[in-house]
Amino acid sequence: MTALLHLSKPALPRPVNAAITATLIVVIPIALALICFAAKLHVIELSHTVRAELLFALLLALMASGMPISIALGLSVLTFLFILSDVDPKMVGLKLFTSIDRFEIMAIPFFILAGNFLTAGGVARRMIDFATSMIGHWYGGLGLAGVVACALFAAISGSSVATVVGIGSIILPALMQQGYPPRFSAGVIATSGALGILFPPSINLVIYAVATSGMQPRGLTGAAVDSASISQLFIAALVPGLILSTMLGATTWYRAWRNDYPRMPRASWRDCWRAFRESVWGLLLILLVLGGIYSGLFTPTEAAAVAAVYAFIIAVFVYKGLPLAEVPAVLLKAASMSAMILYIITNAAVFSWLLTSEQIPQSMAEWMTAQGFGIVAFLLVTNIVLLAAGNFMDPAAITLIMAPILFPMAAALGVHPVHLGILMAVNMEVGLCHPPVGLNLYVASGITKMGITELTIAVLPWLATMLVFLAMVTYIPALSLWLPRALGML
């Protein structure tokens, strides 16, 4: 009888707010498209500014509807070209192919493949052992070892998510077994894993170089400003990466000292040497990649290929952590991730080309100059926009969309392209550590079985540290530019 009563009970109505949101998600893109068609039929006249605003509004509306970012970019471009522009739509097909017909883009799949080999081959565990033997006896020693291991692994994988997976899956259970609170453990790894965005060979820095490649906006003096190269960005990221690692480590130590968290026994020199000897093959990859690039032995793309081959050899034949039977699965995973990123790149390149052909970035730069915006205000607005974009977009998409827009504006105000690239990378790091799209939080959640809300609270101390560092990088350009200038690269 109870069951029958339960079945006959009417279903609860959907919440009004959810219904309104769903309606807006459907209606807004349709309304924007109708406005575009009205302009095409000359029912209404749209100024150049309004047309640019419609392009961005349509992109945001499509993304808000749940459409993948790459497809939203492509549809926005096609809608604008067919309705609001006189550019031949055949150029879209040409740009889709020429946008990835660049030698430097090949660095992305190779670095992804190298990171996957290292993650599956046991390199992360050996780096954790090495870091633990050196500083495990300090307050929060195992947490500090996690920060150091994340920095080392980031310097050979170039991927934030790979760093969190590789290091976090090993050290997070160990932290909780040692008696560290789950929130402390998750906060350390989720934020330290973001170092993969900044430390060379960062895939995100490669994407920034690709997104701005070939652009030559006018600077303060009216002269053309060249975009930053991958080598310049890699060397510029070293000092900021080391500073951020130190700051995250200091935050970890302070919280462990204040709460008297467990300390590990001091390792003997013999144990330290053994841990170093076992991890040296992974550490050598840092010297191989960065040393090869900066010595001129090979280009960043060639360095990525060398890294992939080297990572395969040490994972399969040296450490023997990856059986040959599992290599095809690693290759398939790397191919899938590379295809996703390259598909976003192709659509974002078309979007960037449309912006350039419509003179939208140049118009925005002229407007900012006319309004009297200085470097301080521009950098502040840039941080706010990038942090806001990090709430609903992944780092690759943000970089591909925003870099071609911000670069001409930054050049017009005298901001160095290398400084802008590092600034964007640090913003992407912050975006990885807060909801709703913070990938590091979701990876850490899968490992720790903690909810996103609880993880968001857990990362707050380290997130505050990252925001302080963001302010430092923003208004102290020497942090990004000193080392490449000292080496004669700028």
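The values are calculated or read from the model by the stated rules, or taken from the named source; none is laboratory data. All values reported here derive from a predicted model rather than from experimental measurement. As a convention, Cβ positions derive from the backbone with ideal geometry for all residues, glycine included, and neighbour counts pool all protein chains shown.
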Of the residues that make up the stretch 221-230, is at least one under 18 Å from the mean Cα position of the chain (by Cα), in contact (Cβ under 8 Å) with a residue 24 or more places away in the chain and part of a helix (DSSP H, G or I)? yes
Identify the residue in the stretch 168-207 that is closer than 20 Å to residue 156 by Cβ and of a type in the set (Ser, Thr, Tyr) and, among all such residues, is surrounded by the fewest Cβ atoms within 10 Å (Cβ to Cβ). 169
With the structure loaded, tell me whether residue 286 is surrounded by 13 or more Cβ atoms within 10 Å (Cβ to Cβ) and within 25 Å of the chain's Cα centre (by Cα) or whether it fails that test. yes
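Yes/no per residue for (1) assigned to a helix (DSSP H, G or I); (2) under 20 Å from the mean Cα position of the chain (by Cα); (3) within 14 Å of residue 156 (Cβ to Cβ); (4) not aliphatic (A, V, I, L, M):
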| site | (1), (2), (3), (4) |
| --- | --- |
| 276 | yes, no, no, yes |
| 293 | yes, no, yes, no |
| 296 | no, no, no, yes |
| 303 | yes, no, yes, no |
| 317 | yes, no, no, yes |
| 333 | yes, yes, no, yes |
Anything in the stretch 244-268 that is of a type in the set (A, V, I, L, M, F, W, C) and in contact with a helix residue (DSSP H, G or I) (Cβ under 7 Å, 6 or more places away or on another chain)? List them, or say none. 244, 247, 248, 253, 256, 264, 267
Within the stretch 344-381, take every residue that is hydroxyl-bearing (Ser, Thr, Tyr) and crowded, with 18+ Cβ neighbours inside 10 Å and give me the one that is modelled with the highest pLDDT. 346
Can we say residue 444 is assigned by TED's automatic domain parsing to the domain that holds residue 180, part of a helix (DSSP H, G or I) and at pLDDT below 90? yes
Checking the condition more than 27 Å from residue 147 (Cβ to Cβ) and either of a type outside the set (Lys, Arg) or without any contact (Cβ under 8 Å) to a residue 24 or more places away in the chain (or both), which residue from 409, 428, 450 passes? 409
